[in-house]
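Everything on this sheet refers to the single structure shown next.
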Amino acid sequence: MKKIILSLTTIFILILASNSFAWTLVYSHDSSGNRTSGDLSLLVNAANNGNDIRFMLVGDTSNVIMDAQIVWVQNGIVYAQNKSMVSPEFVGDVLDFKANPYYGFHIVDTNGIVNISRWYISNNTSAGHTQHQFAIKWFIQ
């Protein structure tokens, strides 16, 4: 009987632990910022409560998932920054670094705007700044 109780307790703890690390999709929008699923107020509340947030840039051939390292909420719009990307590129089915690598600093928002500032690693000079529109999925933990 003690072994059964111990086994059930272990299973319960494992289930509880696995759910505590789960990410939940709470909001998504198209590249123009039009809601496609979820509820923006859930994302705003999560940001205002300090929840961890991730976002997925939905691409034509691949998706990119990043942690929101810094989050702002202003006028009902959620903004997230990630500053950890180092110039990846696919060569066939292999993901590699570009020959002249640069840091990519991203700011994304719930209107679908993605701003990227790039800086070469070798000499700390600008590699350019671009603005794109992406469909984005937003997750909270």
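Could you check, for region 46-58, whether at least one of its residues is touching a residue at least 40 places away in the same chain (Cβ under 8 Å), in contact with a Ser or Thr (Cβ under 9 Å, 6 or more places away or on another chain) and either under 14 Å from Ala135 (Cα atoms) or of a type in the set (D, E, K, R) (or both)? Among the residues of region 46-58, at least one is touching a residue at least 40 places away in the same chain (Cβ under 8 Å), in contact with a Ser or Thr (Cβ under 9 Å, 6 or more places away or on another chain) and either under 14 Å from Ala135 (Cα atoms) or of a type in the set (D, E, K, R) (or both), which makes the answer yes.
Only strands (runs of 3 or more DSSP E) whose full extent lies in region 48-141 are considered here, and the ones with at least 3 residues that are hydrophobic (A, V, I, L, M, F, W, C) are 53-58, 63-67, 70-74, 77-86, 94-97, 102-109, 113-120, 135-140.
The set of residues in region 68-112 being acidic (Asp, Glu) and either surrounded by 13 or more Cβ atoms within 10 Å (Cβ to Cβ) or in contact (Cβ under 8 Å) with a residue 60 or more places away in the chain (or both) consists of Asp109 alone.
All of the numbers you see were taken from the coordinates with simple rules; none came from a lab. Quick caveat, the model's predicted, so the values are computed rather than measured. Don't worry about glycine lacking a Cβ; one is built from the backbone with ideal geometry, like all the others, and counts go over all protein chains shown.
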